[in-house]
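Every read-out reported here was derived from the displayed coordinates using simple, explicitly stated rules and does not represent laboratory data. Predicted, not measured: the structure shown is a model, and the values here were computed from it. Backbone-built Cβ (ideal geometry, glycine too); neighbour counts: all protein chains shown.
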């Protein structure tokens, strides 16, 4: 079941509605109990734990967690960075002290521990960390300990996944987040800050969210095993258009990926190498000009395309075909010149998937890559609305946005993908799934998830090359289909 993602404003409303029906401090007690239960189960035998508490309700969660951990046999001390400023937090601190719990008022120089619990600041932090809070963060990171953040790592913007004010905060090994998941834990800096994320709803109801983590249950149509009575025509045809001078490898990577993940036929139009007629590594590929193909089910345009006159003509020709398009790489850079392509783009009647990296998205939005990265979700949604297209904003925590407003963050993938050609492979996979009659949004969700998971299964952060990804993704897809068939 997919995990919904909720903004700070939405979570505040949900929390306030729940608190109106519960005794004071109930949610704080539940949060402390949930975190303590997870920490105890994760780490096993009694441990030495230091809980670093801030002045607000996140600090109150820390005191509640400390009390529960002590009851489970752990040696726990709390460090108060400031006086508690909310009634619930004051009550939680008092309950900790009444139970015999110790509160330190300075960061200890000589104490080493097994676990540090970060309960300094939760959601809604508006100002960058400063003064003693920065010192506390540096102290936490100096400890040779397992770091668990409560709700969000302190200093992280829970909505955008960036450090508030650009000041780096806590990098946790795990985050116990409460009520519902926050988007900032899964994208941008949050990917490194949050570590393993555990969500506890605290028994609180919530409406359905517009955003969610991408998971296989969101592309179920692709997971149905194929019938035996089929042929290559049953699974569509893809044309890959690209390969300007010196860039033939890009469309070949996309085309090989499309073939590997199930497209029935794959054609390649290398505009910079018109004499290329054969791929020795993948002889199943067919080389044709787009104009010579009377029927096609999807077009992938842009991989290594270039931005010269020939590239512009190839993109214009792709827009003239009434089939779904995957628009990647140089095609996006050409598209950013609205005076040349706005009419053709708007006239194109079939579905479109745009696959920009942050700089390409910035060009399309008329902004900077820094501004895109400052709010990746907002940028992807704005581009989806503006272009009336599905948008795949690549990067740490790839964001997939639908023009109607729905959006997803993909939780798979990592630094092993930071190598040339992986984006071409992704574009080819999306095109192949669309050709197999998968709805474009499901095709994008599936391709991004499988592409990232294939890299994760590689097991390291270097050593993976783009040409290996599609075969790994196909094996993964086969395993997922096998599970469905057995069920």
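Considering only C-alpha atoms, what is the centroid distance from region 252-283 to region 357-395, in Å?
Cα centres, region 252-283 to region 357-395: 29 Å.
Hey, rough spin-label estimate for residue 103 and residue 439, points 7 angstrom out along Cα→Cβ, what's it come to in nanometres?
Calculated label separation equals 5.3 nm.
What's the angle, to the nearest 10 degrees (0 to 90), between helix 469-486's Cα axis and the longest principal axis of the chain?
70 degrees
I want to make sure I understand the PRE zone here: with the label point 7 angstrom from the Cα of residue 475 toward its beta carbon, which residues in region 417-431 have backbone N atoms less than 12 Å away?
No residue passes the distance filter.
Evaluate the distance, in nm, between pseudo-label points positioned 7 Å from the Cα of residue 144 and of residue 316 along their respective Cα→Cβ axes.
It is 6.7 nm.
Quick check on region 216-486: of the DSSP beta bridges with both residues there, what percent are antiparallel, nearest 5%? Before the final figure, lay out the partial values.
Numbers: 6 of 27 bridges.
So the antiparallel bridges amount to about 20 percent of the total.
What FRET efficiency comes out for residue 385 versus residue 46 if R0 is 56 angstrom and r is the Cβ-Cβ distance? Round to the nearest 0.05.
On the way: r = 54 Å, r/R0 = 0.96.
After rounding to 0.05, the efficiency reads 0.55.
For a quick protection proxy, order the peptides 226-237, 181-192 by their average other-Cβ count within 10 Å, most packed first. The partial results should precede the final answer.
On the way: 226-237: 11.8, 181-192: 24.9.
Highest to lowest by the protection proxy: 181-192, 226-237.
Got the relative contact order for region 85-180 handy, in percent, Cα pairs under 8 Å and 6 or more residues apart? Before the final figure, lay out each step's value.
Values: 125 pairs, mean separation 26.6, N = 96.
This gives 28 percent for region 85-180.
Using only helices, what value at 222 nm comes out for the chain when you add -39,500 (n - 2.57) per DSSP H run of length 4 or more and divide by the total residues, to the nearest 500 deg cm²/dmol? Intermediate results must be reported in sequence, preceding the final value.
Working: 16 runs with 189 residues, N = 487.
Calculated mean residue ellipticity at 222 nm is -12000 deg cm²/dmol.
Please give the helix 8-19 orientation as an angle from the longest Cα principal axis of the chain, in degrees from 0 to 90, rounded to the nearest 10.
50 degrees
In the chain, what % of DSSP beta bridges are antiparallel (nearest 5)? Spell out each step's value before the answer.
Values: 9 of 59 bridges.
Rounded to the nearest five, the antiparallel share is 15 percent.
Just want to confirm a number: the relative contact order over the chain, from Cα pairs under 8 angstrom separated by 6+ residues, in percent.
Values: 1103 pairs, mean separation 61.7, N = 487.
Once divided by the residue count of the chain, the mean separation gives 13 percent.
Below 8 Å, C-alpha to C-alpha, sequence gap of six or more: please give me the relative contact order for region 216-486 in percent. Please list the in-between numbers first.
Values: 579 pairs, mean separation 58.8, N = 271.
Relative CO of region 216-486 lands at 22 percent.
Taking the chain as the reference, fit the longest principal axis to its C-alpha atoms, fit the long axis of helix 309-320 to the helix C-alpha atoms, and give the angle between the two in degrees, 0 to 90, nearest 10.
The angle comes out at about 80 degrees.
State the extension gain, in nm to one decimal, for the chain segment bounded by residue 232 and residue 378, taking 0.36 nm per residue of separation less the distance between their alpha-carbons. Write out the running numbers ahead of the final one.
Details: separation 146, 0.36 × 146 = 52.56 nm, distance 4.00 nm.
Full-extension gain reported as 48.6 nm.
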